[in-house]
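Report on one structure; see the data block that follows.
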């Protein structure tokens, strides 16, 4: 992505244009981008052409908003900067324990998965997952984690049913070895599933609503 576009998208996002339309004139955007009104107007047209933003001209003032493509490009830039300035060998995720739908335990206990977990993580998981709702301010860190290689647990077919790949990322909770597992078909955006050789709720005496810190290797 061209850095001039990334810079403009960051400024638009900071003005509120990532979550909703914002009313901003070419002059105002030019001030934010430290360029002339004419240059800012041209930049808006370029962003529109690249489909990084959408524009509404129905009101007296133009309104613009980042598209999903624009948001995804910003996430890539965010990940790169975090790796440059903040990351060492781990990322710390904070969140709250929640009750899942029970699907994690079903998938995890499938023998082809269990065998691979033992080989790639060094332990056989307890037949269940610990679900953690990630704090809003830490959700971006998930993109950083997903940007690393992790350990691919290959999918398989059993009794005519297909099971997709799972990516596992080694982690620790209170110095207990565990791993974040992210299924290929996951629908969660702010929930992470943790596998461990122990029943973490019992071992750590934790339950729904309790706060936890997950230290993830990168």
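Name the residue that is nearest to residue 76 (Cα to Cα), counting only residues in the range 123-137 that are touching a strand residue (DSSP E or B) at 6+ places or on another chain (Cβ under 7 Å) and either outside the structural domain of residue 184 (by TED's automatic domain parsing) or surrounded by fewer than 18 Cβ atoms within 10 Å (Cβ to Cβ) (or both).
Here is the first cut: in the range 123-137, the residues touching a strand residue (DSSP E or B) at 6+ places or on another chain (Cβ under 7 Å) are 123, 125, 129-135.
Okay, now just the ones that are also either outside the structural domain of residue 184 (by TED's automatic domain parsing) or surrounded by fewer than 18 Cβ atoms within 10 Å (Cβ to Cβ) (or both), so 123, 133, 135.
Details: 123: 32, 133: 23, 135: 20 Å.
If we take residues in the range 123-137 being touching a strand residue (DSSP E or B) at 6+ places or on another chain (Cβ under 7 Å) and either outside the structural domain of residue 184 (by TED's automatic domain parsing) or surrounded by fewer than 18 Cβ atoms within 10 Å (Cβ to Cβ) (or both), then 135 is nearest to residue 76 (Cα to Cα).
Out of all the residues in the range 17-33, is one or more at positive phi, assigned by TED's automatic domain parsing to the domain that holds residue 77 and surrounded by fewer than 13 Cβ atoms within 10 Å (Cβ to Cβ)? Don't jump to the end; show me each part of the working.
Here is the first cut: in the range 17-33, the residues at positive phi are none.
Checked the range 17-33: no residue is at positive phi, assigned by TED's automatic domain parsing to the domain that holds residue 77 and surrounded by fewer than 13 Cβ atoms within 10 Å (Cβ to Cβ).
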_the range 90-101, subset assigned to a loop (DSSP other than H, G, I, E, B) and modelled with pLDDT of 75 or more, residue surrounded by the fewest Cβ atoms within 10 Å (Cβ to Cβ)_ = 99
*Does the range 19-74 hold any residues that are in contact (Cβ under 8 Å) with a residue 40 or more places away in the chain and part of a helix (DSSP H, G or I), and which are they?*
46, 47, 70, 71, 73, 74
*Could you list all residues from the range 150-176 that are modelled with pLDDT under 90 and out of contact with any strand residue (DSSP E or B) (no Cβ under 9 Å at 6 or more places or on another chain)?*
158, 159, 160, 161
*For the range 138-164, how many residues are part of a loop (DSSP other than H, G, I, E, B) and within 30 Å of residue 77 (Cα to Cα)?*
6
*Mind listing whichever residues of the range 129-180 are without any contact (Cβ under 8 Å) to a residue 12 or more places away in the chain and over 19 Å from residue 95 (Cβ atoms)?*
149, 157, 159, 160, 161, 162
_Filter result for residue 104 (in the same structural domain as residue 213 (by TED's automatic domain parsing), assigned to a loop (DSSP other than H, G, I, E, B), modelled with pLDDT under 90 and buried (at least 16 other Cβ atoms within 10 Å of the Cβ))_ = no
*Single residue of the range 107-123 satisfying the filter (within 23 Å of residue 162 (Cβ to Cβ) and in a loop (DSSP other than H, G, I, E, B)) that is modelled with the highest pLDDT*: 110
_Odd one out for residue 68 among (1) in the same structural domain as residue 21 (by TED's automatic domain parsing); (2) at pLDDT below 90; (3) surrounded by fewer than 16 Cβ atoms within 10 Å (Cβ to Cβ)_ = (2)
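Looking only at residues in the range 177-203 that are part of a loop (DSSP other than H, G, I, E, B) and more than 16 Å from residue 99 (Cβ to Cβ), which one is nearest to the chain's Cα centre (by Cα)? Before the answer, list the steps.
In the first step, residues of the range 177-203 are kept if they are part of a loop (DSSP other than H, G, I, E, B); the result is 184-190, 196-199.
Subsequent filtering for residues that are more than 16 Å from residue 99 (Cβ to Cβ) retains 184-187, 189, 196-198.
On the way: 184: 13, 185: 14, 186: 12, 187: 12, 189: 7, 196: 21, 197: 25, 198: 26 Å.
It comes out as 189.
The values are calculated or read from the model by the stated rules, or taken from the named source; none is laboratory data. This is a predicted model, so every value here is computed, not measured. Quick reminder, even Gly has a Cβ in these numbers, built from the backbone with ideal geometry, and neighbours come from all protein chains shown.
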